[in-house]
Each structure stands twice: as structure tokens, then as C-alpha cells.
1. Could you give the nm distance between label points at Glu152 and Tyr207, where each point is 7 Å from its Cα heading toward the beta carbon?
2. Counting other beta carbons within 10 Å of each residue's own, what order do Trp62, Trp230 fall into, fewest first?
3. Which loop-located trypsin sites (Lys or Arg not before Pro) does the range 2-84 contain, where loop means any DSSP state but H, G, I, E or B and the Cβ has at most 16 other Cβ atoms within 10 Å?
4. Among the listed pairs Lys1/Lys197; Lys99/Lys155; Lys1/Lys149, which are separated by more than 29 Å between their Cα atoms?
5. Just to confirm a number: summing +1 for Lys and Arg and -1 for Asp and Glu over residues other than Leu188 whose beta-carbon lies under 12 angstrom from that of Leu188, what do you get?
6. Please order Cys87, Cys171, Cys196 by the number of other Cβ within 10 Å, starting at the fewest.
7. Distance from the Cα centre of the range 1-80 to that of the range 162-185, in angstrom?
8. Tell me the trypsin sites (Lys or Arg not before Pro) within the range 78-177 that lie in a loop according to DSSP and have at most 13 other beta-carbon atoms within 10 Å.
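Laboratory data are not the source of any read-out in this text; all were calculated from the coordinates shown. Every value quoted in this text rests on a predicted model; they were computed, and no experiment measured them. A quick note on method: Cβ atoms are made from the backbone with ideal geometry, for glycine too, and the neighbour counts reach across all protein chains shown.
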Amino acid sequence: KEMATIARLKDYFPFVAFDTEFPGFLVSSSWKASPDELYADMKSNVDGLKVIQVGLALFDAWGRLPFSRPNRAVVWQFNLSDFDPSCDRHSSSAVEFLKENGIDLEATRRQGIKSMRLCREFWAAGLLANRRLVWLCFHGSYDFGYMLKLIEGGKPLPLTRHEFMKKVKACFCNIYDLKYIAKSYDELRRGRLGLCKMAEILRVKDYLERSQEVDDKQKVGNHRYHQAGWDSLVTGMSFFRLRTIPVVQALKHSSCELRAVDYSGFNAVMRDSYGSIFDIEAK
């Protein structure tokens, strides 16, 4: 049902901000690593782990979200049931971090959806290999890695960085990575910052906090950074704030190309794949 809604809306809201959450890293990369070495480490991590969440936020050309009903915009968060912390490989510290940020792994395991089903739904909705769509991410190398693994049915990532980039470009066509764009600006620390800090500098974080009225339980459980739906919303809103900067307005999709996969006032409803809807009320 939700993917049918996304399929219907995508032509009117062609900017797709997305994020994934996954259970940490098995291999750490050296800061001296070359791009090919970084890709090899990413491949080892993505091949050996399972994605937990995929978040999508659709925007039109003016940065507006679709509304499910009056004063209720919508963001999607798909919780995948494949990951079982009792038997699947993971980083214990990363799993604890996700739990602390409100991800209920037991509920996700019981009530989430299979990655193979989400793969079929993405293709059926016309989200992939669609040149009319623009994909937005923040430091998206791992996000694209997990998405490619998902849409290829769990197959290992390609052996080389070149083949990986070729496949990502074929599936996602137009890409903007905000961390890559941020490298052009002293105000954004030349990209040496995380999504939360960027949102703070761009005043997106303040805007969201002013526009929501949620109780303490919701704040702890469902409206936090490091959940895929929330982070996709923040990524999209940050992109449209960045578009007001003249140099960014002049960027073309081709200028970011796959270098974007970089190795060096809304109210919202968060729609979860297992049926929960969490409102963010306007003050």
C-alpha cells in the first residue's frame, strides 16, 4: 500500500532523500586508505551485514513534502525483518547505539518486511533506473552499498569500485551527496561534519524542533537522528536549504556524478513499515 502511494507521488515529488541504518562495521578503514582500499573495506562490511532500516522522504522542486491529510506531511521508514542480533554478525556497540536511539530490533524482527519484498516493491514503484528522479543522501557510500545489495537480492557488491559506481549510476541516475557539496563551504566545515551538525548550521534542526510537539516517549523512541526515516527528512530539508546558496544552485547533476558517493516549516508523519504512525505536531 505505501509503495503504491510512493509510486503515485514520485512524478510530482521527484527528489528522493534516503538513508539506511545498519548494524555497524566489521572492518575499519585507515585514514590513509586509497579510494579502492576504502571500497574494499565497504564491500566487506556490506557483504557481511544486513540492513535494518530504509528511510525515504519525497520532495517537490520547491522542497515541499507530500501530505497524507491536512497539515500532515509524510515520510516513510521501512523496517526490515532480516536482521537477527542473536545470530547475525554485527557490532555490539552499534546495535546498542541504535537501540538507544529508539530502534526496537525485536519489533523490527517480528513485524518488519523482508528485504526481498522491498526489492520487488522498489522496482514495481518505478523508483529505480528512473532518470526523472534525483536521489539525495548524506555521506552515501554505505547507503548506496546497502541499497544495491538490497535491490540485487542480497548479492555481494561488485569486486571493483568502478563496477560498483557503474551499477549505482544505472540504478539511481542522478545523485547529490550533501557531504560532498559541503566541502565547498567554510561555513559547513569543508564537509568535516555529520548530518546533525549540518542541520544545526542550516537551521533545519531548529525549525523541526519548533514545529513539533511530541511527548517524551515519542522523542526518545521515534523522533531521533539515527533512524532512517528521520534522517532522510533532515537530509532532504538540508538539501533545499543548501540550494539557496548561489554556487549550489549552479551545480548540475553531472558535476557531482558519482564523486557524490564520496570516499575521502514541515509537520510530518513517520509511516513505519509495520503500521505504526508517529505524528509530529505543529506548535
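1. Roughly 3.7 nm, to one decimal.
2. If I rank by nearby Cβ atoms, fewest first, I get Trp62, Trp230.
3. Lys32, Arg64
4. Where the Cα-Cα span goes over 29 Å, the pairs concerned are Lys1/Lys197.
5. Neighbourhood net charge equals +4.
6. Cys87, Cys196, Cys171
7. 13 Å
8. Arg89, Lys114, Arg131, Arg132
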